[in-house]
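Inspection log for the structure reproduced underneath, given as structure tokens.
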């Protein structure tokens, strides 16, 4: 009996699952308007949805983006653009992303970003790092909205082994990539 208790005491910590880190909370910002095509910065004229995460405010993100539009080499120290996701980040803790409000048809062979219909997570999934609720998917590269929904659903069904071959999960911003294509997950 004593041996059984020792074995159970040793096995219990091994059986306890450590939940995946929760997806960072994103905050939607007022739309941002780019007045003229800016090929140097890689942004077309138009209205963009902006989302921030980490300890960044919408006002700070707008200031960083305005400076970037006027001089793409003028990002503050530590900030890096991620043109495939139309995002800017400072390490893994803070950042913002943009999506042109005009919704181009997917696939997006030119690397533009498109918003997809919302995706609903019915129950909380701490192992996958997503709470119950409504999520927006932004696709980039050649990923279609249908493919993004299929990959996201497969990941939620099995966070450890459910991603199709070639796909990887990125923690911040919460996204999934397959080469230079993929999608970002936001909670509106």
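Selection of segment 91-128 for residues being at pLDDT 75 or above, closer than 14 Å to residue 184 by Cα and assigned to a loop (DSSP other than H, G, I, E, B) yields 116, 117, 118. Taking segment 165-175 as the range and being over 19 Å from residue 26 (Cβ atoms) and out of contact with any strand residue (DSSP E or B) (no Cβ under 8 Å at 6 or more places or on another chain) as the test, only 165 passes. Condition check for residue 75 on (1) in contact with a strand residue (DSSP E or B) (Cβ under 8 Å, 6 or more places away or on another chain); (2) assigned to a loop (DSSP other than H, G, I, E, B); (3) within 26 Å of residue 142 (Cα to Cα): one failure, at (3).
Scanning segment 44-72 for residues that are within 24 Å of residue 141 (Cα to Cα), at pLDDT 85 or above and assigned to a loop (DSSP other than H, G, I, E, B) returns a single hit, 72.
Looking only at residues of segment 78-90 that are part of a loop (DSSP other than H, G, I, E, B) and crowded, with 18+ Cβ neighbours inside 10 Å, we find that the one that is modelled with the lowest pLDDT is 85. Taken over segment 156-169, residues that are under 14 Å from the mean Cα position of the chain (by Cα) and either modelled with pLDDT under 85 or under 17 Å from residue 120 (Cβ atoms) (or both) amount to 0. Within segment 149-160, residues that are in contact (Cβ under 8 Å) with a residue 40 or more places away in the chain have Cβ atoms under 6 Å from residues that are part of a loop (DSSP other than H, G, I, E, B) in these pairs: 159/127; 159/128, counting only partners at least 6 apart in sequence or on another chain. The requirement of being within 21 Å of the chain's Cα centre (by Cα) and modelled with pLDDT under 80 is not satisfied by residue 11.
What is the one condition in (1) in contact with a strand residue (DSSP E or B) (Cβ under 9 Å, 6 or more places away or on another chain); (2) surrounded by 12 or more Cβ atoms within 10 Å (Cβ to Cβ) that residue 59 does not satisfy? With (1) in contact with a strand residue (DSSP E or B) (Cβ under 9 Å, 6 or more places away or on another chain); (2) surrounded by 12 or more Cβ atoms within 10 Å (Cβ to Cβ) applied to residue 59, the lone miss is (2).
The values are calculated or read from the model by the stated rules, or taken from the named source; none is laboratory data. Computed from a predicted structure; not experimentally measured. FYI the Cβ positions are ideal-geometry reconstructions off the backbone, even for glycines, and counts take in every protein chain you see.
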